[in-house]
Amino acid sequence: MRMIICLLTVVINATLCLAEPLQISIDDPGGAAALTGSPKCVTLDIHGLCDSADSGLKLTEVTHGVSGTHPIPAQFEPQSKGSTRGKLWWLMPPGPKGKRTFRVQVAKLPAANRMVADFDAKTKYVDVSDAGKPVFRYNQGTVPPPPEIVERFEKKHNPPWYYARGDYIHPIYGPDGEQLTDDYSLNHPHHRGCFWSWPVLRWNDEVRDIWAVRITKDQPGGAWARPVAMRRMQSGPIMALIDAENVWKWGDKDEIVREEVVIRAFCSRQKSRVIDIAVTLTALVDGVAIGGRPGQGYGGFTFRTFPKFDQRKIDLRIDPAGTDPQIAWFHLTGNFPGGKGPAGVAVLQHTENPGYPHCPDAAKVEGVVKEYPAWRTITTGFPGNREVALPKGKPLVMKYRLWIHPGLSDEQTLNNLWRAYQHE
């Protein structure tokens with residue numbers, strides 16, 4: 001009888017423990033995330049809360065002094081397949097600055113997958129949509145050049161220049177469904193949507209150009225990014241996740257760098273959207289280095305848009321060393337073709353990036369970054385007029401956030417978006 005009572009006590013206590021609400025607290029210094037509706041996440045273990053990552057989750061705010069809030073959709077990203085440990089994501093609702101507390105709850109029904117990632121195994125393209133509307137395509141596989149590029153650069157050029165390439169994002173769509181990125185333009189056929197590449201790719205004593213991608217007499221065989229695997233994909237109510245692995249091949253043969261790309265595209269709010277992109281490079285051999293274009297310094301993470309359109313303008317803020325906080329962003333605005341009004345794309349830099357902040361050498365006047373160069377694309381310029389070694393087996397991680405929005409925005413909003421990104 002005594003043993004039965006003890007067993008009953010254990011069962012009751014376990015049940016009560018599982019029934020206890022799970023609460024999470026986050027810090028939003030200055031209220032930057034609340035003001036901009038930026039993504040937030042916490043690392044947690046959902047074991048005992050729900051059966052799987054596919055269960056519908058929601059947050060209810062229980063911050064002291066906050067009342068009458070509506071449930072907030074949330075999405076769990078497991079750290080590995082089947083794991084109950086991972087990250088919980090949501091878009092920050094309006095509210096007070098500083099510490100905020102939320103209760104994690106299981107919804108009666110799983111939320112619909114508003115953000116969908118759809119992978120074509122044949123072409124190795126991933127199409128991301130938001131409630132059925134296209135957001136972007138990640139081209140892990142090779143994108144063949146259009147006929148006008150083939151005619152001008154392959155058939156009429158001697159020797160032929162071959163520009164076929166993959167491992168980039170294009171097209172990216174704006175608030176009204178207008179296309180924001182450009183690809184295979186006749187004046188810069190090697191520029192390609194949103195991409196990450198370098199004019200200088202060194203392996204021991206030889207340099208090739210994985211930025212320009214074409215094969216020339218001076219660089220026989222070139223260097224190319226080729227797909228290896230689509231490691232993870234996730235659709236959900238808050239975001240679509242892409243986790244891809246590629247390899248850089250010297251002469252399209254020798255594997256010299258492993259590249260890991262993680263893209264998180266979040267659902268739009270008031271027609272504005274955040275897309276996070278993290279690129280990890282790990283040298284597979286000794287003697288590898290990357291560098292910007294000698295003399296001009298461009299290269300690295302790049303957003304290629306149309307060279308000309310109405311009211312086109314690129315602003316930047318790159319604070320000098322010693323500034324606290326040291327803010328760094330680029331901002332492209334204008335009336336994109338096909339849009340219903342002005343729109344913008346901001347490229348926000350993360351302070352954890354090596355060599356932060358990244359900026360083109362050509363933008364510096366007396367050592368201070370004052371204005372963006374007269375270039376037709378946004379390039380972060382890392383590492384500029386120098387080379388950065390990639391020691392074998394040691395990852396180099398670069399993180400950027402795109403903010404796509406209607407209208408022209410203002411500097412204070414961009415600064416708040418940058419702050420929210422640092423305190424994700």
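Data table
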{"item": "Square roots of 5 times each gyration tensor eigenvalue, C-alpha, the range 275-378, largest first, Å", "result": "26, 18, 15"}
{"item": "Computed magnitude of the charge dipole of the chain (debye, nearest 20; Cβ of K, R +1, Cβ of D, E -1)", "result": "420"}
{"item": "Relative contact order (percent, whole number), the chain, Cα cutoff 8 Å, 6+ residue spacing", "result": "14"}
{"item": "Proximal lysines to Lys271, defined as alpha-carbon separation beneath 20 angstrom and excluding residues fewer than eight positions away on the same chain", "result": "Lys40, Lys133, Lys340"}
{"item": "FRET efficiency estimate (nearest 0.05) - Cβ-Cβ, His64 to Ala164, R0 45 angstrom", "result": "0.15"}
{"item": "Chain lengthening between Thr142 and Glu206 when straightened (0.36 nm per residue, less Cα-Cα)", "result": "20.5 nm"}
{"item": "Geometric extent, Cα atoms of the chain - Rg, Dmax (angstrom)", "result": "23.6, 94"}
{"item": "Signed unit charges on C-beta, dipole axis of the chain, positive-most listed residue Pro360, Val104, Ala212", "result": "Val104"}
{"item": "Cα-based Rg / Dmax (Å) for the range 186-291", "result": "16.3, 52"}
{"item": "Of Lys156/Lys313; Lys58/Lys399; Lys124/Lys249, pairs whose Cα-Cα distance is over 24 Å", "result": "Lys156/Lys313; Lys58/Lys399"}
{"item": "Extension gain, Lys313 back to Leu408 (0.36 nm per residue minus Cα-Cα distance, nm)", "result": "33.2 nm"}
{"item": "Cut-off 9 Å between beta-carbons: net charge of the residues surrounding Ile277, Lys and Arg +1, Asp and Glu -1", "result": "+2"}
{"item": "Inverse mean reciprocal Cα-Cα distance (Kirkwood Rh) of the range 112-185, Å", "result": "13.8"}
{"item": "Alpha-carbon centroids, the range 319-367 and the range 79-145: separation in whole Å", "result": "25"}
{"item": "Degrees between helix 2-19 axis and first principal axis of the chain (Cα, 0 to 90, nearest 10)", "result": "40"}
{"item": "Two-site FRET efficiency, Asp127 against Glu366, from Cβ-Cβ distance with R₀ of 51 Å, rounded to 0.05", "result": "0.65"}
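We did not get these values from a lab; they are worked out from the coordinates using the rules stated. Note that this is a predicted model, so its numbers are computed, not measured. In this analysis, Cβ positions are derived from the backbone assuming ideal geometry, glycine residues included, and neighbour counts consider all displayed protein chains.
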